[in-house]
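One structure is given below, encoded as structure tokens.
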Amino acid sequence: MEVESKEYSWKWVTADELLSHGACEFLYARLTPPTDAASAILYDGENDLGTQILKIATGGLYNSECKPSKPIYCRKGLYVGSLTALAGLLVQWRELGHGA
């Protein structure tokens, strides 16, 4: 199944944030550190009490990215939290079964 780019959502995240209410697919994340170390955690849920699906981190002045070979299904939403010393985190996802 091919998906058109207009079906994707993306956001440059700089603080804890709920990105999707309800089911979605996580597609990509790129972490940019301002210093020598940074990290962020993505959760399946609407807050940091959800199931942790990914911790992305870097120990140097290099960007770190996560590009799973297949989308990661998030049943309860997509939340980014526990941000530590980052300039920003680019996240891409696709909404499922809600919205237009």
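The values are calculated or read from the model by the stated rules, or taken from the named source; none is laboratory data. These numbers come from a predicted model, not from an experiment. Reconstructed Cβ throughout: ideal geometry from the backbone, glycine too, with neighbour counts over all protein chains shown.
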Exercise for review: Output the number of residues of region 15-37 satisfying the condition of being within 12 Å of A87 (Cβ to Cβ) and surrounded by 15 or more Cβ atoms within 10 Å (Cβ to Cβ).
Suggested key: 4
Exercise for review: Output the residues belonging to region 67-100 that are of a type in the set (A, V, I, L, M, F, W, C) and either touching a helix residue (DSSP H, G or I) at 6+ places or on another chain (Cβ under 7 Å) or surrounded by 19 or more Cβ atoms within 10 Å (Cβ to Cβ) (or both).
Suggested key: C74, L78, V80, L86, L89, V91, W93
Review point. What number of residues within region 36-92 satisfy the criterion of being without any contact (Cβ under 8 Å) to a residue 40 or more places away in the chain, polar (S, T, N, Q) and within 17 Å of F26 (Cβ to Cβ)?
Key: 5
Check your understanding: Do any strands (runs of 3 or more DSSP E) lying entirely in the chain carry at least 3 residues that are at pLDDT below 95 and either acidic (D, E) or in contact with a Cys (Cβ under 6 Å, 6 or more places away or on another chain) (or both), and which ones are they?
Key -> none
Check your understanding: In this structure, is Q92 within 12 Å of the chain's Cα centre (by Cα) and within 15 Å of K11 (Cα to Cα)?
Key -> yes
Review point. Of all the residues that make up region 41-78, how many are under 12 Å from V13 (Cα atoms) and in contact with an Asp or Glu (Cβ under 6 Å, 6 or more places away or on another chain)?
Key: 0
Check your understanding: Somewhere in region 22-38, is a residue closer than 11 Å to G77 by Cβ and among the charged types (D, E, K, R)?
Key -> no
